[in-house]
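The block underneath contains the structure these notes are about, expressed in structure tokens.
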Protein chains: 2
Amino acid sequence: MAEENGKGVDLKAGFLQVYSRLKSELLEDPAFSSTDDSRQWIDRMLDYNVPGGKLNRGMSVVDSYKILTGGQLSSDEFFHACVLGWCVEWLQAYFLVLDDIMDGSHTRRGQLCWYKVPEVGLIAANDGILLRNHIPRILIRHFRDKTYYTQLLDLFNEVEFQTASGQMLDLITTHEGEKDLSKYKMPVYNRIVQYKTAYYSFYLPVACALLMAGENLENYFDVKNILVEMGTYFQVQDDFLDCFGDPEFIGKIGTDIEDFKCSWLVVQALEKATHGQLSILSESYGKSDPAHVMRVKTLYKDLNLQEVFLEYEKSSYEHLISSIEAQPSKKVQEVLKSFLHKIYKRQK
Amino acid sequence: MAEENGKGVDLKAGFLQVYSRLKSELLEDPAFSSTDDSRQWIDRMLDYNVPGGKLNRGMSVVDSYKILTGGQLSSDEFFHACVLGWCVEWLQAYFLVLDDIMDGSHTRRGQLCWYKVPEVGLIAANDGILLRNHIPRILIRHFRDKTYYTQLLDLFNEVEFQTASGQMLDLITTHEGEKDLSKYKMPVYNRIVQYKTAYYSFYLPVACALLMAGENLENYFDVKNILVEMGTYFQVQDDFLDCFGDPEFIGKIGTDIEDFKCSWLVVQALEKATHGQLSILSESYGKSDPAHVMRVKTLYKDLNLQEVFLEYEKSSYEHLISSIEAQPSKKVQEVLKSFLHKIYKRQK
Ligand SMILES: [Mg+2]
Ligand SMILES: [Mg+2]
Ligand SMILES: [Mg+2]
Ligand SMILES: [Mg+2]
Ligand SMILES: [Mg+2]
Ligand SMILES: [Mg+2]
């Protein structure tokens, strides 16, 4: 999205410049007297794990803050909004590095997972922790004198806690060894997605922008709920595209069926399946053999899940739009609509 | 130490009561709508990993605060000092759970390491992260209205960053596969110990007590340095006892030689060894075969490392005492001396 116009290109280039500055500052952090070896390690680890994603979460802090303040940003404002955007990206990198270890994944963002790099291995677990620790280092350097510094720390702490709690729910629900489809129900699905994805991907960037704009987050409970709902919709799309998206377009081949994921599709299928269809699912879901995968996909089609998805998409959109238009502030409405329009009917 | 007198027993019992309360509060944290399954998981995970150590770090917050305020604590003061003590214990639990994964360890505190428990496995990595996330949950609940709340957050963030940085140094220096003794030099050893152990074990508890007593930590750089020096001395003792301590007394059989640890003993041996002795070390250090271990121990004895240690202990003690007595505040001197006397010439 950001790349679609000249403005987007500028934003991305400016955003990436801020990354370089933050990295240099971390490598010279006076709280740790580094050695050449450790400086090189962190330098490489950061480049490998932090800036290689789509950066949508991070850049949306800048976009949101621009809308909220309604004008051009001073270079200082632009810089600070980018710094908070990068904190969101650092948080994401931390979760992904550790998630890949726990899931035994092989690749991420078109390269080996960090822990799979031969000389890294389980040192990656500590690198994940370092990524997390960089956030308060960045915040204390650039925000300690702001009136909202403590609120920023509280915000990142709360969102991290929610994400880690969602990750726990995911891990104990979809626990390897067990393969128990009876746990895959819509309220469980929604709770996992809400905590594991929605808070940090959707609420956190807007909350950062609101704090920078001088707002008190206690007045924005509705905004939080709307963003969490949007995050849930985003994850449902992700699950749908994993099976029905164009691999060339989404840039990877989905493996949710093979991986026994608690995907929106399998939860829907379990709700709608006949007795006979249930036994297909329990036989074939979570097996890597292509014949089993194909049986599941055929079942999804038999159950019309593509249509069910389109209806879900439509009704989510309508519900979100009406919640957004009930917001008292036009600028807040605009922020929320810009998020929604970035993801509505996305194909990747 | 705490168990030696009636007062100590009271402290420990009271301290453990606070643990139960904190656990209940975490299990009902409104920031996460838990399920029965996840509540049970956390309950068990906390009991398994948090309260089973010696609790010296945590209880020393209470002891230090008592000395600083010079009197009996109100029940509210006692409670708050215990809460900060438990935050230190939670931080330690978080580091230990993850360290055991990275080190491939088997047992900890007389039981299986958490990740080695069959139904846990790598979920332990996320549990470690949850332990870490509980600290700001505890702090926001009990300290948000204190004038020093932000300083507390900053303190825990800084000390966690230093510990994770020390862990990184340790991991990249003593990297499995490589087995390169040429990196094991005294400045490297000191840097690892300072960051990985001393800040969180010695500085953090005192800094918590100072904040509670209304002090500004910026005025306590010397105290920080003294505590870091004491933490280094403590780790040297730990390394010495791993080889020369009485296994019955220290409660475990040391394996630093087998594990190719960057121990104070091997660093000393490498400094003092002749050419021939060096080749014994490079042949035998890091091998689990008892004959190799014995060769290393014999070499340590040939190099008189027991005597070198006694001299180190004596000169550390004297240097620490004179630094402590240069402190302007008698109460601060008393806090520091009580730490030092708890560890001086310890046999376990
Ligand atoms: Mg994963
Ligand atoms: Mg996962
Ligand atoms: Mg997916
Ligand atoms: Mg270890
Ligand atoms: Mg270790
Ligand atoms: Mg030891």
Per-residue Cβ contact counts at 10 Å, fewest first, order B:PHE78, A:PHE240 as B:PHE78, A:PHE240
Gaussian network model of chain B, springs between alpha carbon atoms under 10 Å - residue of B:TRP114, B:TRP86, B:TRP41 with greatest fluctuation:
B:TRP41
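What does the average come to when, for each residue of peptide B:25-34, you count the partner chain Cβ atoms lying within 10 Å of its Cβ? Provide the component values of the computation, followed by the final result.
Details: counts 0, 1, 0, 0, 3, 0, 8, 11, 5, 4.
Partner-chain Cβ atoms within 10 Å, mean over residues of B:25-34: 3.
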In terms of the charge dipole of region A:1-143, which places +1 on Lys and Arg and -1 on Asp and Glu at the beta carbon, the residue among A:VAL61, A:TRP41, A:LEU91 farthest towards the positive end is A:VAL61
Could you tell me the largest-minus-smallest coordinate of the C-alpha atoms of chain A on each of the three principal axes, in descending order and whole angstroms?
63, 53, 36
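If the convex hull of the alpha-carbon atoms of region A:134-241 is projected onto planes in all directions, what is the mean projected area in square nanometres?
Values: hull surface 32.6 nm².
Projected area, direction-averaged: 8.1 nm².
Pop the C-beta distance of B:LYS12 and A:LYS272 into the FRET formula with R0 = 60 Å and round what comes out to the nearest 0.05. Mind dumping the intermediate values first?
Details: r = 57 Å, r/R0 = 0.95.
Efficiency for this residue pair is about 0.55.
Quote the charge dipole size of the protein assembly as shown about the Cα centre in Debye, to the nearest 20; the model charges only the Cβ of Lys and Arg (+1) and of Asp and Glu (-1). Intermediate results must be reported in sequence, preceding the final value.
Values: 76 positive and 98 negative charges, 83 e Å.
For this selection, approximately 400 debye.
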Taking a crude spin-label model, label points 7 Å out from Cα along the C-beta direction, the B:THR147 to A:THR147 distance in nm is 2.1
Other copies of B:ARG144: label-to-label distances in nm, shortest first, labels 7 Å along the beta-carbon direction:
2.4
For A:LYS179, go through the lysines and keep the ones whose alpha-carbon is under 16 Å away, minus same-chain ones fewer than eight residues off.
A:LYS261, A:LYS287
Starting from the Cα coordinates of region A:194-348, work out the convex hull volume and express it per residue in Å³.
117
Sites A:LEU112 and A:LYS348, calculated FRET efficiency, Cβ-Cβ separation with R0 22 Å, nearest 0.05
0.50
Using the Cα atoms of region A:195-287 to build a convex hull, what is its mean projected area in square nanometres?
7.9
Roughly what percent of Cα-Cα pairs across region B:111-175 reach past 13 Å?
73
Shortest first and in nm, the label-point separations between B:LYS345 and its counterparts in the other identical copies (7 Å out along Cα→Cβ) come to 8.3
Along Cα-to-Cβ, 7 Å out, sits the label point; list in nm, shortest first, how far the one on B:GLU334 is from those in the other copies.
6.3
Using a Gaussian network model on chain A with a 10 Å cutoff between Cα atoms, which of A:LEU122, A:LEU211, A:LEU91 fluctuates the most?
A:LEU122
Average Cα contact separation per residue, chain A, under 8 Å, 6 or more apart, as relative contact order %:
15
Please state the Cα pair-distance histogram of region A:47-90 with 10 angstrom bins from zero: what percent is in each bin?
30, 50, 18, 2
Which distance in nm do the two modelled labels at B:GLN40 and B:HIS319 give, with both placed 7 Å along the Cα-to-Cβ direction?
5.4
Report the Cα centroid-to-centroid distance between region B:175-195 and region A:269-348 in angstrom, as an integer.
52
Spelling out what I want: for every residue of region A:195-207, take phi, set θ = phi - 60°, compute 6.51 cos²θ - 1.76 cosθ + 1.60 (Karplus), and round to whole Hz; glycine and proline get x.
7, 6, 10, 5, 4, 7, 7, 10, 6, 4, x, 5, 4
Quote the charge dipole size of chain A about the Cα centre in Debye, to the nearest 20; the model charges only the Cβ of Lys and Arg (+1) and of Asp and Glu (-1).
400
For chain A, what does the helix formula give at 222 nm: sum of -39500 (n - 2.57) over DSSP H segments with n ≥ 4, over the residue count, nearest 500 deg cm²/dmol?
-22500 deg cm²/dmol
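With all pairs of different alpha carbon atoms counted, what Kirkwood hydrodynamic radius in Å does region A:215-260 show?
On the way: mean 1/r = 0.0793 Å⁻¹.
Evaluated on region A:215-260, it is 12.6 Å.
Explain nothing, just the number: dipole magnitude of region A:130-253 about its Cα centre with +1 on each Lys and Arg Cβ and -1 on each Asp and Glu Cβ, in debye rounded to the nearest 20. It would help to have the intermediate numbers written out before the result.
On the way: 12 positive and 17 negative charges, 88 e Å.
Approximately 420 debye in magnitude.
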Could you give the length gained by full extension between A:MET186 and A:SER75, i.e. 0.36 nm per residue of separation minus their alpha carbon distance, to one decimal place?
35.4 nm
Computed FRET efficiency, Cβ-Cβ of B:LYS330 and B:ALA291, R0 45 Å: what is it to the nearest 0.05?
0.25
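Packing-wise, with mean Cβ within 10 Å as the measure, how do A:280-288, A:135-143 rank, highest first?
Details: A:280-288: 17.2, A:135-143: 19.6.
Highest to lowest by the protection proxy: A:135-143, A:280-288.
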Given a cut-off of under 8 Å on Cα pairs at least six residues apart, what relative contact order in percent is computed for region A:176-326?
24
Any lysines whose Cα falls less than 19 Å from that of B:LYS345, other than same-chain ones fewer than 8 residues away, would be B:LYS54, B:LYS252, B:LYS314, B:LYS337
Say we join alpha carbon atoms closer than 10 Å with springs in a Gaussian network model of chain A; which of A:SER64, A:SER105, A:SER74 then has the biggest fluctuation?
A:SER74
proj_area_mean for region B:97-147 (convex hull on C-alpha atoms), units nm², value 4.6
When all Cα-Cα pair distances of the protein assembly as shown are considered, the percent exceeding 42 Å is 32
Please state the Cα pair-distance histogram of region B:8-99 with 10 angstrom bins from zero: what percent is in each bin?
15, 45, 29, 10, 1
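All of the numbers you see were taken from the coordinates with simple rules; none came from a lab. As the structure is a computational prediction, the values presented were derived from the model and not from experiment. Cβ sites come from the backbone with ideal geometry, for glycine too, and all protein chains shown count toward neighbours.
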